[in-house]
1. Please work out if VAL149 is modelled with pLDDT under 85, part of a helix (DSSP H, G or I), of a type in the set (A, V, I, L, M) and open to solvent by 70 Å² or more (accessible area, probe 1.4 Å).
2. Find all pairs meeting these conditions: Cβ atoms under 6 angstrom apart; at least six residues apart or on different chains; first residue within region 73-95 and free of Cβ contacts under 8 Å to residues at least 40 places away in the same chain and closer than 20 Å to GLN109 by Cβ; second residue in a helix (DSSP H, G or I) and open to solvent by 70 Å² or more (accessible area, probe 1.4 Å).
3. Tell me yes or no: at least one residue of region 98-117 is under 30 Å from VAL149 (Cα atoms) and surrounded by 13 or more Cβ atoms within 10 Å (Cβ to Cβ).
4. Is it the case that some residue within region 32-45 is charged (D, E, K, R) and open to solvent by less than 70 Å² (accessible area, probe 1.4 Å)?
5. Among the candidates SER127, SER63, SER73, single out the residue that is open to solvent by 60 Å² or more (accessible area, probe 1.4 Å) and either among the charged types (D, E, K, R) or within 30 Å of ASN142 (Cα to Cα) (or both).
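The values are calculated or read from the model by the stated rules, or taken from the named source; none is laboratory data. None of the values given here were measured: they were computed from a predicted structure. A quick note on method: Cβ atoms are made from the backbone with ideal geometry, for glycine too, and the neighbour counts reach across all protein chains shown. When the accessible area is computed, the model is the full protein with side chains, heavy atoms only, and any ligands, DNA or RNA have been set aside. Shrake-Rupley method; radii C 1.70, N 1.55, O 1.52, S 1.80 Å.
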Amino acid sequence: QIDSAKDVTATITSNVSQTEATITVGKENIEQLLLCVNQSEEVGATVAEKMNELIENTEKMNSIVEMINSITSQTSLLSLNASIEAARAGEAGRGFAVVAGEIQTLAGQTSEATVNITKLINDINSSIQEVFNSTNQMMENNKTQNHAVETMAVRRVTGRHRAEFRNQCARRVC
C-alpha cells in the first residue's frame, strides 16, 4: 500500500507540476492581454480626443462659411446697386452694368459653393459622430475585457494557492 500511495503521490505531484506550468503560461497570457487592453484604452482615449478636435475644427469651418455667406449677400446687394446706377447713367454706364452682372454671377457661384461646403462639413460631422460613438463603445468593451482579465488573474492567483496547497499535501504524504 505504501508503494501504491507513493505512486499516487507521484502522479499528483506530476499533475500539480503540469498544472503549475499551465498556470504560469496562463499568467503570462493574461499579463499580455492586460497590456493589450490597457494600450487599446489609451489609443481609444487619444482617438476620442482627436475626434473632439475635428468637431471643433468643423465648427470653425462653419463659422468661416457663414462669414463667406454674409460677404456673398453684401456683394450681391452691391452688384444690384451698381446695376441700378449703371442703368441711371444710360449709355455711359453700359460697361459698368456688364461688370455688375459679372459680380452678381460670381456672388451666385460663391453662394452655391458655400452650400456645397456646408453639406460636406455636415457629412464630416456625421461621420465623426459615428466614429466617436464607435470609439466610445470600443472603450467600454475594453473596460469590460480588462475587468474580465483582472478577475481571471485574481482567480488564477487563488488557483495557484490551491495548487501550492495540493503540492504541500502531496509532499506531506511522502
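1. Working: modelled with pLDDT under 85: yes; part of a helix (DSSP H, G or I): yes; of a type in the set (A, V, I, L, M): yes; open to solvent by 70 Å² or more (accessible area, probe 1.4 Å): no.
Answer is no for this residue.
2. SER79/GLN104
3. Taking region 98-117 first, the residues under 30 Å from VAL149 (Cα atoms) are none.
Within region 98-117, none of the residues are under 30 Å from VAL149 (Cα atoms) and surrounded by 13 or more Cβ atoms within 10 Å (Cβ to Cβ).
4. Step one: list which residues in region 32-45 are charged (D, E, K, R), which gives 41-42.
Within this subset, residues satisfying the condition of being open to solvent by less than 70 Å² (accessible area, probe 1.4 Å) are 41.
Within region 32-45, one or more residues are charged (D, E, K, R) and open to solvent by less than 70 Å² (accessible area, probe 1.4 Å).
5. Working: SER63 fails: either among the charged types (D, E, K, R) or within 30 Å of ASN142 (Cα to Cα) (or both); SER73 fails: either among the charged types (D, E, K, R) or within 30 Å of ASN142 (Cα to Cα) (or both).
Of SER127, SER63, SER73, the one residue that is open to solvent by 60 Å² or more (accessible area, probe 1.4 Å) and either among the charged types (D, E, K, R) or within 30 Å of ASN142 (Cα to Cα) (or both) is SER127.
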